[in-house]
Amino acid sequence: MRSLQQLFENNRTWAADMTRQDPEFFRRLSTQQSPHYLWIGCSDSRVPANQVVGLVPGEMFVHRNVANVVVHTDLNCLSAIQFAVDVLRVDHIIVCGHYSCGGILAALQDNKLGLIENWLRHVQDVRAKHRAELDALETEEKQHARLCELNAIEQVTNLSRTTVVRDAWSRGQAVAVHGWIYDLSDGLLRDLDVTVASELEVERK
Ligand code: CO
């Protein structure tokens, strides 16, 4: 109970497998990381960032929080973005939402869950902004799915308005911000087609 022995055993098996496939793997990774992608996704245990896009350690910088929210005053998220853009110089930032998101459902239903309600307030702001579109959908299931999409799209806009991304663009650094959604029921990703790669594209939205 105290030692979580199984997890350590899994870890030794995994490390041995990786070393068998590539004897230099850990030695190389321990000296540097040069990922091309920053992933901002939900904390949901069913959406493991690297696995769903088939990337090994070292290939993607990851930040996750409940309902994949990018808040302008969230120093944690902003620091991850700043480090990824300014230091690691990633080419792409992906905000990935997912259908059946519990955080989004709680925001939609106004559930009483304690402290987290304050965090999900940001998703409720997205809901309020798109209330007419959501109300026009006939079932709560459809509203839930659409709010999962709208929330990811909104975070792309928030990201593209951060000083970090705007400063990168203004100095000519190429970095594209994408909005994706992951479907738990079939394991597939879908591009929400809201990619922005310049200040001009943000203004057009
Ligand atoms: Co979620």
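The values are calculated or read from the model by the stated rules, or taken from the named source; none is laboratory data. What you see is a predicted model, and the numbers here were worked out from it, not measured in a lab. Because the Cβ atoms are built from the backbone with ideal geometry, glycine has one as well, and the counts that use them run over all protein chains shown. Protein only, heavy atoms only, side chains kept; ligands, DNA and RNA dropped before computing areas. Shrake-Rupley method; radii C 1.70, N 1.55, O 1.52, S 1.80 Å.
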Heavy atoms of GLU149 accessible to a 1.4 Å probe, total area in Å² rounded to 10: 30 Å²
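Within the range 1-32, list the trypsin sites (Lys or Arg not before Pro) lying in a DSSP loop whose Cβ has at most 15 other Cβ atoms in a 10 Å radius.
When the trypsin sites (Lys or Arg not before Pro) of the range 1-32 are filtered for loop state and at most 15 Cβ neighbours within 10 Å, ARG2 remain.
Tally up the carbon and sulfur contribution to the accessible surface of the chain as a whole percent, 1.4 Å probe, everything protein left in place. Mind showing how you got there, number by number?
Details: 6130 of 11600 Å².
Roughly 53 percent, rounded to a whole number.
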Choice from ALA145, ALA132, ALA49 showing the highest fluctuation, given a GNM over the chain with Cα pairs closer than 10 Å: ALA132
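Given 37 °C and 0.692 mPa s, how large is the Stokes-Einstein diffusion coefficient of the chain in µm²/s, with Rh as the Kirkwood radius over Cα pairs?
Values: Rh = 18.5 Å.
Stokes-Einstein gives a translational diffusion coefficient of 178 µm²/s.
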Computed accessible area, ILE94, all protein chains, 1.4 angstrom probe, square angstrom: 10 Å²
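Under a 1.4 Å probe, what is the accessible area of the range 146-205 per residue, stated in Å²? Please report the intermediate quantities before stating the final value.
On the way: 2870 Å² over 60 residues.
Roughly 48 Å² per residue, with all protein chains present.
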C-alpha center-to-center spacing [the range 28-69, the range 154-205] in angstrom: 16 Å
The range 1-18-the range 88-136 distance, computed between alpha-carbon centres (Å): 34 Å
